[in-house]
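The next block holds one structure in the form of C-alpha coordinates; read it before the comments.
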Amino acid sequence: MFLLEAGKQVNDLYINLPVSLEFFKKKDAEYQVLSLLSNQSRYIIRLRPEVRINREKIQARLGVGFELENNKNSDFHLFPRLDITAPIADQVLYAFVGADGAVVKNNFHTLAEENPFITSAVIPLNTVEKLNVRAGMRGNFSSTIGFTAGVRYSTIENLQLFYNDLQFFNKYNVLYDDATILNLNAEVVYKSSEKFALSLRVEQFNYKMDSESEAWFRPNTEAALRADYNLRDKIILNAAVFARGPIKARVRENNADIIEEINGWIDANLGVDYIFRKNLSGI
(Lines give C-alpha, C1' and ligand atoms only; values in the text may rest on other atoms or scores of the structure.)
Protein backbone atom coordinates (compact mmCIF):
# COMPACT_ATOMS: atom_id res chain seq x y z
CA MET A 1 0.00 0.00 0.00
CA PHE A 2 1.27 3.47 -0.92
CA LEU A 3 0.08 6.51 1.08
CA LEU A 4 0.81 10.20 0.50
CA GLU A 5 -0.70 12.79 2.80
CA ALA A 6 -0.53 16.59 2.98
CA GLY A 7 -2.18 18.90 5.51
CA LYS A 8 -2.26 22.49 6.69
CA GLN A 9 -3.58 24.19 9.84
CA VAL A 10 -5.69 27.29 9.18
CA ASN A 11 -6.87 28.87 12.46
CA ASP A 12 -9.03 26.17 14.12
CA LEU A 13 -9.39 24.22 10.86
CA TYR A 14 -7.07 21.47 9.66
CA ILE A 15 -7.22 20.76 5.93
CA ASN A 16 -6.05 17.27 5.04
CA LEU A 17 -5.53 15.60 1.65
CA PRO A 18 -4.57 11.90 1.78
CA VAL A 19 -4.04 9.84 -1.40
CA SER A 20 -3.48 6.07 -1.29
CA LEU A 21 -2.97 3.19 -3.71
CA GLU A 22 -3.44 -0.53 -3.06
CA PHE A 23 -2.26 -2.98 -5.74
CA PHE A 24 -2.72 -6.74 -5.57
CA LYS A 25 -2.72 -9.79 -7.83
CA LYS A 26 -3.46 -13.49 -7.35
CA LYS A 27 -1.61 -16.27 -9.14
CA ASP A 28 -3.41 -19.22 -10.70
CA ALA A 29 -4.13 -22.05 -8.28
CA GLU A 30 -4.31 -25.80 -8.77
CA TYR A 31 -7.78 -26.96 -9.90
CA GLN A 32 -8.73 -23.35 -10.68
CA VAL A 33 -11.27 -22.83 -13.44
CA LEU A 34 -9.47 -20.18 -15.47
CA SER A 35 -11.24 -17.12 -16.82
CA LEU A 36 -10.41 -13.60 -17.90
CA LEU A 37 -10.48 -12.62 -14.21
CA SER A 38 -8.00 -15.25 -13.04
CA ASN A 39 -4.77 -13.33 -13.61
CA GLN A 40 -6.16 -9.82 -13.51
CA SER A 41 -4.20 -7.14 -11.68
CA ARG A 42 -6.35 -5.29 -9.18
CA TYR A 43 -5.98 -1.90 -7.55
CA ILE A 44 -7.84 0.68 -5.48
CA ILE A 45 -7.00 4.41 -5.65
CA ARG A 46 -8.40 6.59 -2.85
CA LEU A 47 -8.54 10.39 -2.59
CA ARG A 48 -10.14 11.64 0.64
CA PRO A 49 -9.99 15.44 1.11
CA GLU A 50 -11.35 16.59 4.46
CA VAL A 51 -11.58 19.47 6.90
CA ARG A 52 -11.19 18.80 10.63
CA ILE A 53 -12.74 21.23 13.09
CA ASN A 54 -11.61 21.18 16.71
CA ARG A 55 -13.44 23.73 18.82
CA GLU A 56 -14.19 23.93 22.52
CA LYS A 57 -17.60 22.28 22.24
CA ILE A 58 -17.61 20.49 18.90
CA GLN A 59 -15.18 18.23 17.09
CA ALA A 60 -16.01 17.49 13.48
CA ARG A 61 -14.60 16.00 10.31
CA LEU A 62 -16.20 16.91 6.98
CA GLY A 63 -15.03 15.50 3.70
CA VAL A 64 -15.66 13.30 0.72
CA GLY A 65 -14.11 10.09 -0.58
CA PHE A 66 -13.25 9.49 -4.23
CA GLU A 67 -12.34 5.82 -4.81
CA LEU A 68 -11.50 4.09 -8.07
CA GLU A 69 -11.31 0.29 -8.15
CA ASN A 70 -10.16 -1.98 -10.93
CA ASN A 71 -11.47 -5.45 -10.19
CA LYS A 72 -14.10 -7.35 -12.19
CA ASN A 73 -14.87 -3.98 -13.71
CA SER A 74 -13.44 -0.50 -13.33
CA ASP A 75 -15.80 1.44 -11.08
CA PHE A 76 -15.71 4.92 -9.57
CA HIS A 77 -17.31 5.52 -6.17
CA LEU A 78 -18.17 8.70 -4.28
CA PHE A 79 -18.64 8.49 -0.50
CA PRO A 80 -19.51 11.03 2.20
CA ARG A 81 -17.15 11.38 5.16
CA LEU A 82 -18.70 12.93 8.24
CA ASP A 83 -18.00 12.71 11.97
CA ILE A 84 -19.39 15.09 14.60
CA THR A 85 -19.00 14.86 18.37
CA ALA A 86 -20.73 17.29 20.75
CA PRO A 87 -21.18 17.36 24.54
CA ILE A 88 -24.54 16.74 26.18
CA ALA A 89 -23.04 17.15 29.66
CA ASP A 90 -19.46 18.45 29.54
CA GLN A 91 -16.86 15.85 30.61
CA VAL A 92 -19.66 13.36 31.35
CA LEU A 93 -21.76 12.57 28.27
CA TYR A 94 -21.15 13.12 24.54
CA ALA A 95 -23.22 12.39 21.44
CA PHE A 96 -21.75 11.45 18.07
CA VAL A 97 -23.04 10.98 14.53
CA GLY A 98 -21.23 9.96 11.38
CA ALA A 99 -21.52 8.70 7.83
CA ASP A 100 -19.00 7.27 5.40
CA GLY A 101 -18.34 4.52 2.88
CA ALA A 102 -15.41 2.67 1.36
CA VAL A 103 -14.19 0.04 -1.06
CA VAL A 104 -12.92 -2.86 1.07
CA LYS A 105 -10.14 -4.91 -0.50
CA ASN A 106 -10.76 -8.66 -0.63
CA ASN A 107 -7.93 -10.91 -1.80
CA PHE A 108 -6.76 -14.44 -1.05
CA HIS A 109 -4.75 -13.26 1.94
CA THR A 110 -7.71 -11.53 3.61
CA LEU A 111 -9.93 -14.53 2.80
CA ALA A 112 -7.48 -17.01 4.32
CA GLU A 113 -7.12 -14.87 7.46
CA GLU A 114 -10.90 -15.03 7.99
CA ASN A 115 -11.27 -18.66 6.91
CA PRO A 116 -8.06 -20.78 6.67
CA PHE A 117 -9.99 -23.54 4.86
CA ILE A 118 -10.87 -21.44 1.81
CA THR A 119 -10.09 -22.98 -1.57
CA SER A 120 -7.12 -21.40 -3.33
CA ALA A 121 -9.12 -21.44 -6.58
CA VAL A 122 -11.34 -18.57 -5.44
CA ILE A 123 -11.57 -15.33 -7.44
CA PRO A 124 -12.08 -12.51 -4.89
CA LEU A 125 -14.19 -9.41 -5.50
CA ASN A 126 -14.06 -6.22 -3.47
CA THR A 127 -16.83 -5.32 -1.03
CA VAL A 128 -18.32 -1.84 -1.41
CA GLU A 129 -19.68 -0.24 1.75
CA LYS A 130 -21.95 2.18 -0.09
CA LEU A 131 -23.12 3.97 3.06
CA ASN A 132 -22.46 3.55 6.76
CA VAL A 133 -24.58 5.74 9.03
CA ARG A 134 -23.92 5.68 12.78
CA ALA A 135 -24.97 7.49 15.94
CA GLY A 136 -24.54 6.99 19.64
CA MET A 137 -23.30 8.26 22.97
CA ARG A 138 -20.16 7.87 25.02
CA GLY A 139 -19.41 9.02 28.51
CA ASN A 140 -18.40 8.16 32.05
CA PHE A 141 -20.33 6.57 34.89
CA SER A 142 -17.49 7.56 37.24
CA SER A 143 -13.78 8.39 37.20
CA THR A 144 -12.98 4.72 36.56
CA ILE A 145 -15.88 3.49 34.39
CA GLY A 146 -16.65 4.67 30.86
CA PHE A 147 -19.04 3.47 28.21
CA THR A 148 -19.95 3.71 24.53
CA ALA A 149 -23.30 2.74 22.98
CA GLY A 150 -24.24 3.11 19.34
CA VAL A 151 -26.24 2.01 16.34
CA ARG A 152 -24.94 1.55 12.80
CA TYR A 153 -26.87 1.04 9.56
CA SER A 154 -24.98 -0.08 6.45
CA THR A 155 -25.83 -0.75 2.82
CA ILE A 156 -23.35 -3.19 1.33
CA GLU A 157 -22.61 -4.27 -2.23
CA ASN A 158 -20.83 -7.62 -2.62
CA LEU A 159 -20.95 -8.75 1.01
CA GLN A 160 -18.57 -11.68 1.25
CA LEU A 161 -20.09 -15.01 2.38
CA PHE A 162 -18.60 -18.49 2.72
CA TYR A 163 -20.20 -21.81 1.79
CA ASN A 164 -19.14 -25.48 1.70
CA ASP A 165 -17.97 -26.49 -1.78
CA LEU A 166 -17.44 -30.25 -2.29
CA GLN A 167 -16.08 -29.56 -5.78
CA PHE A 168 -12.81 -28.41 -4.17
CA PHE A 169 -12.31 -31.41 -1.86
CA ASN A 170 -14.71 -30.21 0.84
CA LYS A 171 -13.16 -26.77 1.23
CA TYR A 172 -14.95 -23.44 1.43
CA ASN A 173 -15.74 -21.17 -1.47
CA VAL A 174 -17.04 -17.62 -1.46
CA LEU A 175 -20.11 -15.93 -2.91
CA TYR A 176 -21.27 -12.33 -2.90
CA ASP A 177 -24.64 -10.75 -2.24
CA ASP A 178 -25.93 -7.24 -1.56
CA ALA A 179 -27.20 -6.59 1.96
CA THR A 180 -28.32 -4.08 4.55
CA ILE A 181 -26.97 -4.51 8.08
CA LEU A 182 -28.26 -3.08 11.35
CA ASN A 183 -25.65 -3.20 14.12
CA LEU A 184 -26.29 -2.37 17.80
CA ASN A 185 -23.16 -2.18 19.95
CA ALA A 186 -22.20 -1.31 23.52
CA GLU A 187 -18.91 -1.30 25.44
CA VAL A 188 -18.08 -0.72 29.09
CA VAL A 189 -14.48 -0.04 30.19
CA TYR A 190 -13.20 -0.16 33.77
CA LYS A 191 -9.78 1.39 34.40
CA SER A 192 -8.75 1.54 38.06
CA SER A 193 -5.27 2.87 37.29
CA GLU A 194 -2.65 3.05 34.57
CA LYS A 195 -1.86 -0.58 35.35
CA PHE A 196 -5.21 -2.37 35.09
CA ALA A 197 -8.04 -2.17 32.55
CA LEU A 198 -11.10 -4.36 31.95
CA SER A 199 -13.52 -4.04 29.03
CA LEU A 200 -16.68 -5.78 27.84
CA ARG A 201 -18.08 -5.29 24.32
CA VAL A 202 -21.32 -6.75 22.92
CA GLU A 203 -22.61 -6.44 19.34
CA GLN A 204 -25.89 -7.51 17.76
CA PHE A 205 -26.31 -7.80 13.96
CA ASN A 206 -29.37 -8.06 11.77
CA TYR A 207 -28.78 -8.95 8.10
CA LYS A 208 -31.24 -8.43 5.26
CA MET A 209 -29.91 -10.17 2.15
CA ASP A 210 -30.84 -9.34 -1.43
CA SER A 211 -30.72 -12.88 -2.90
CA GLU A 212 -29.46 -15.33 -0.28
CA SER A 213 -31.83 -16.59 2.42
CA GLU A 214 -29.21 -16.10 5.18
CA ALA A 215 -25.93 -14.33 5.86
CA TRP A 216 -23.93 -17.55 5.74
CA PHE A 217 -21.39 -18.09 8.53
CA ARG A 218 -22.03 -14.63 10.01
CA PRO A 219 -23.26 -14.62 13.64
CA ASN A 220 -26.00 -12.33 14.90
CA THR A 221 -24.27 -11.89 18.28
CA GLU A 222 -20.63 -11.27 19.22
CA ALA A 223 -19.10 -10.48 22.62
CA ALA A 224 -15.58 -9.89 23.92
CA LEU A 225 -14.23 -9.58 27.48
CA ARG A 226 -10.63 -8.36 27.85
CA ALA A 227 -8.34 -7.62 30.80
CA ASP A 228 -4.86 -6.02 30.74
CA TYR A 229 -2.40 -5.62 33.59
CA ASN A 230 0.87 -3.68 33.48
CA LEU A 231 3.45 -5.15 35.86
CA ARG A 232 6.18 -2.60 36.64
CA ASP A 233 6.16 -1.29 33.05
CA LYS A 234 8.04 -4.42 32.00
CA ILE A 235 5.47 -7.18 31.66
CA ILE A 236 2.02 -6.71 30.13
CA LEU A 237 -0.38 -9.52 31.02
CA ASN A 238 -3.59 -9.84 29.02
CA ALA A 239 -6.52 -12.22 28.95
CA ALA A 240 -9.46 -12.25 26.56
CA VAL A 241 -12.63 -14.26 26.04
CA PHE A 242 -14.45 -14.06 22.70
CA ALA A 243 -17.92 -15.46 22.09
CA ARG A 244 -20.09 -15.82 18.98
CA GLY A 245 -23.68 -16.89 18.71
CA PRO A 246 -25.05 -19.63 16.39
CA ILE A 247 -24.53 -19.29 12.63
CA LYS A 248 -26.28 -20.63 9.55
CA ALA A 249 -24.32 -22.61 6.96
CA ARG A 250 -25.20 -23.47 3.37
CA VAL A 251 -24.18 -27.06 2.65
CA ARG A 252 -24.38 -28.91 -0.67
CA GLU A 253 -25.79 -32.42 -0.24
CA ASN A 254 -27.12 -34.80 -2.91
CA ASN A 255 -27.09 -32.01 -5.51
CA ALA A 256 -29.24 -29.78 -3.28
CA ASP A 257 -28.49 -26.89 -0.91
CA ILE A 258 -29.55 -27.36 2.71
CA ILE A 259 -29.35 -24.98 5.69
CA GLU A 260 -27.49 -26.23 8.73
CA GLU A 261 -27.30 -24.40 12.08
CA ILE A 262 -23.94 -24.46 13.84
CA ASN A 263 -23.73 -23.81 17.57
CA GLY A 264 -21.96 -20.73 18.90
CA TRP A 265 -18.52 -20.94 20.48
CA ILE A 266 -16.29 -19.37 23.11
CA ASP A 267 -12.55 -18.79 22.68
CA ALA A 268 -10.22 -17.85 25.57
CA ASN A 269 -6.71 -16.42 25.19
CA LEU A 270 -3.83 -15.58 27.54
CA GLY A 271 -0.87 -13.44 26.56
CA VAL A 272 2.36 -11.98 27.95
CA ASP A 273 4.27 -9.07 26.43
CA TYR A 274 7.76 -8.41 27.83
CA ILE A 275 9.13 -4.93 27.16
CA PHE A 276 12.93 -5.01 26.82
CA ARG A 277 13.08 -1.29 26.03
CA LYS A 278 10.55 1.39 25.12
CA ASN A 279 10.99 0.58 21.43
CA LEU A 280 11.59 -3.17 21.71
CA SER A 281 9.25 -5.85 23.09
CA GLY A 282 8.56 -9.58 22.77
CA ILE A 283 5.37 -11.63 22.85
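Relative contact order, percent, of the range 75-213 when contacts are C-alpha pairs under 8 Å separated by at least 6 residues?
18 percent
Pop out the ³J(HN,Hα) list for the range 264-269 in order, Karplus 6.51 cos²θ - 1.76 cosθ + 1.60 with θ = phi - 60°, rounded to Hz; leave Gly and Pro as x.
Each residue's phi maps through the Karplus curve to give x, 9, 10, 10, 10, 9 Hz.
In percent, how large is the relative contact order of the chain, given Cα pairs closer than 8 Å and 6 or more residues apart? Intermediate results must be reported in sequence, preceding the final value.
Working: 704 pairs, mean separation 26.0, N = 283.
Computed over the chain, the figure is 9 percent.
How big is the C-alpha Rg of the range 34-181 next to the rule-of-thumb value 2.2 N^0.38 Å, as a ratio?
Working: Rg = 19.9 Å, N = 148, 2.2 N^0.38 = 14.7 Å.
Normalised Cα radius of gyration, the range 34-181: 1.35.
Cross-link list 8/57; 105/234; 72/171; 105/208; 8/130; 8/195: which exceed 27 angstrom alpha carbon to alpha carbon?
Details: 8/57 22 Å; 105/234 37 Å; 72/171 24 Å; 105/208 22 Å; 8/130 29 Å; 8/195 37 Å.
Violating the 27 Å Cα-Cα cut-off are 105/234; 8/130; 8/195.
Where only protein heavy atoms count, and the probe is 1.4 Å, what is the accessible area per residue for the range 138-283 in Å²? All intermediate terms of the calculation are to be shown ahead of the outcome.
Numbers: 9410 Å² over 146 residues.
Ligands and nucleic acids excluded, the result is 64 Å² per residue.
Output wanted: per-residue J couplings in Hz (rounded whole) for the range 150-157, from phi through Karplus 6.51 cos²θ - 1.76 cosθ + 1.60, θ = phi - 60°, x for Gly and Pro.
Values per residue, Gly and Pro as x: x, 10, 9, 10, 10, 10, 10, 10 Hz.
Work out from phi, with θ = phi - 60° and the Karplus expression 6.51 cos²θ - 1.76 cosθ + 1.60, the ³J(HN,Hα) of each residue of the range 121-129, listed in order in whole Hz, and give x for Gly and Pro.
Result, rounded to whole Hz: 8, 6, 10, x, 10, 6, 9, 10, 7.
Can you give the calculated 222 nm mean residue ellipticity of the chain, where each DSSP H run of n ≥ 4 adds -39,500 (n - 2.57) and the sum is split over every residue, rounded to the nearest 500 deg cm²/dmol? Could the numbers behind the result be given before it?
Working: 1 runs with 7 residues, N = 283.
When only DSSP H runs of four or more count, the value is -500 deg cm²/dmol.
The values are calculated or read from the model by the stated rules, or taken from the named source; none is laboratory data. Just so it is clear, the model here is predicted, and its values are computed rather than measured. In case anyone asks, the SASA skips ligands and DNA or RNA and just uses the protein heavy atoms, side chains included. Shrake-Rupley method; radii C 1.70, N 1.55, O 1.52, S 1.80 Å.
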